[in-house]
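Accompanying notes for the structure given below.
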Amino acid sequence: MVRGRPPNWRAIVDNMPRGAQLVGMTFSRNPEEVCEDSRENDRNLKQIFQRLKTKGVNLVFVIVPNAGDTYAKVKQVAELEVGILTQCIKEKTVFKMNPATTGNILLKINAKLNGINHYVKELKKPKILGKPTIIFGADVTHPSPDETSIPSVAAVTSSYDPAAFKYNMMWNLQDPRQEIIVHLETIVRTQLIYFYKVNKVKPVHIIFYRDGVSEGQFQAVMSAEISAIKRACQGVEANYNPKVTFLVVQKRHHTRFFPTSPSEGDGSRNNNVRPGTIVDTTITHPTDLDFYLVSHQSIQGTARPTKYYRLWDEYNLTDDETEEMTYYLCHLFSRCTRSVSYPAPTYYAHLAAFRGRVYIKNRHLDMNNLPRENQVHQANAEFLTNNPMYFV
């Protein structure tokens, strides 16, 4: 189903099968149904999605306006009410469909349909991931100071395959500007159980990347969230006590790096340091592990390094092992075939929090009963089970 004004949808029908063939995907050249309908009411959308779900359609393309709230309406109806996968494409994107754009959209589609876009060769895989390991990414997004009727959204993603490419996600509403993740124990316990159901083994190591925490909040986060992770493990099984490694990811800083000579740069006109550059001495903490990593090649301007601070580590990882693992995870973001600026689980946590915001957009919320609002705005249960990476 493609929704928009003709001949917009022809660009999708013509380009997607051709692009899919190039990357080894099977893609029908004839859409199940084309619905050219500019009405945006929820009832009409729901009828269309229900009809397509009954037909067994795997994915619905929806062409949305370049601005407005149509995207939120589509996701609310498709995921909260009906339970069907959608791929929204803006009108301006449809008019400039080319192989590169098609390829980027197919990366998202393949991940949503539980495929693997890429992985790092076993020879390059960190040794610590050789044992059953679950990797978490977590973030909390807050409303602007003047938005008193909008809650904060806490999102947690977790890997569930040995290559750490596939993730599922959970999100919750909490009081505005509350940085500590309130329901973390329940979230972690649920995701540990999911990992066990998929892999038939419980993880022996938990790696947790926490975004959005300032240095002044380190002690509060350690006290609340690491304790919640420990309680979650006990909730899975009384004697279950996997080792926990907890790292904070920080992007809001003013530190930049430059090569001492052009021969040590990345070869671009911006003369950035090479991807994979790590700084963990001189300008870092004298005893605790914190390090800067430039994991990506900046397309424009000066590359911004990401700072990592290891708050807790029961696995006794060496500095090199921690840094290697972090750089490895920067190569596994499903939307991109190159390394990105910070680890995939934290990228996914941002996307998950954004999806939570989409679900509550233009909806009246009872700020005095957020637990109920959480239940009302969770995606269809069957849909979540069948499509854990729907949020990418």
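Here is how the numbers come out for the structure above:
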read-out: Residues of region 225-257 satisfying the condition of being touching an Asp or Glu at 6+ places or on another chain (Cβ under 7 Å), open to solvent by less than 10 Å² (accessible area, probe 1.4 Å) and part of a strand (DSSP E or B); value: Val244, Thr245, Val249
read-out: Pairs where the first residue, in region 258-276, is part of a helix (DSSP H, G or I) and the second is surrounded by 12 or more Cβ atoms within 10 Å (Cβ to Cβ), C-beta under 7 Å, 6+ apart; value: Pro262/Asn271
read-out: Among the residues listed as Tyr342, Tyr347, Tyr359, the single one being open to solvent by 10 Å² or more (accessible area, probe 1.4 Å), touching a Leu at 6+ places or on another chain (Cβ under 9 Å) and touching a residue at least 24 places away in the same chain (Cβ under 8 Å); value: Tyr342
read-out: Flag if Phe246 is touching a strand residue (DSSP E or B) at 6+ places or on another chain (Cβ under 6 Å) and farther than 21 Å from Ala164 by Cα; value: no
read-out: Qualifying residue in region 169-181 (condition: surrounded by fewer than 22 Cβ atoms within 10 Å (Cβ to Cβ) and polar (S, T, N, Q)); value: yes
read-out: Qualifying residue in region 319-329 (condition: of a type outside the set (Val, Ile, Thr), surrounded by 22 or more Cβ atoms within 10 Å (Cβ to Cβ) and within 17 Å of the chain's Cα centre (by Cα)); value: yes
read-out: Residue list for region 345-368, filter: charged (D, E, K, R) and touching a Lys or Arg at 6+ places or on another chain (Cβ under 8 Å); value: Arg355, Asp366
read-out: Among (1) part of a helix (DSSP H, G or I); (2) closer than 20 Å to Gly212 by Cβ - the single one Glu382 does not satisfy; value: (2)
read-out: Pick from region 99-117, criterion part of a loop (DSSP other than H, G, I, E, B) and open to solvent by 70 Å² or more (accessible area, probe 1.4 Å), ranking: farthest from Tyr327 (Cα to Cα); value: Leu113
read-out: Qualifying residue in region 278-286 (condition: farther than 19 Å from Ala138 by Cα and assigned to a helix (DSSP H, G or I)); value: no
read-out: Criterion violated by Lys75 - all others in (1) open to solvent by less than 20 Å² (accessible area, probe 1.4 Å); (2) closer than 25 Å to Asn15 by Cβ; (3) more than 20 Å from the chain's Cα centre (by Cα) satisfied; value: (3)
read-out: Complete set of residues in region 1-53 that are of a type in the set (Lys, Arg) and at pLDDT 85 or above; value: Arg18, Lys46, Arg51, Lys53
read-out: Long-range neighbours under 6 Å by Cβ, at least six apart or interchain, first residue open to solvent by 10 Å² or more (accessible area, probe 1.4 Å) within region 192-208, second at pLDDT below 95; value: Val204/Lys131
read-out: Single residue of region 118-162 satisfying the filter (without any contact (Cβ under 8 Å) to a residue 12 or more places away in the chain and outside any loop (DSSP other than H, G, I, E, B)) that is least open to solvent (accessible area, probe 1.4 Å); value: Gly130
read-out: Verdict on Ile187 being touching a helix residue (DSSP H, G or I) at 6+ places or on another chain (Cβ under 9 Å), surrounded by 16 or more Cβ atoms within 10 Å (Cβ to Cβ) and farther than 26 Å from Tyr327 by Cβ; value: yes
read-out: Residue within region 60-71 that is outside the structural domain of Glu324 (by the TED database) and part of a helix (DSSP H, G or I) present; value: yes
read-out: The lone exception for Arg335 - which of (1) more than 23 Å from Leu59 (Cα to Cα); (2) in contact (Cβ under 8 Å) with a residue 40 or more places away in the chain; (3) in contact with a Leu (Cβ under 7 Å, 6 or more places away or on another chain) it fails; value: (1)
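The values are calculated or read from the model by the stated rules, or taken from the named source; none is laboratory data. In this text, all values refer to a predicted model and were calculated from it rather than measured experimentally. With ideal geometry, Cβ positions are generated from the backbone for all residues, glycine too; neighbour counts draw on all protein chains shown. Just so you know, the surface numbers come from the protein's heavy atoms only, side chains and all, with ligands and any DNA or RNA stripped out. Shrake-Rupley method; radii C 1.70, N 1.55, O 1.52, S 1.80 Å.
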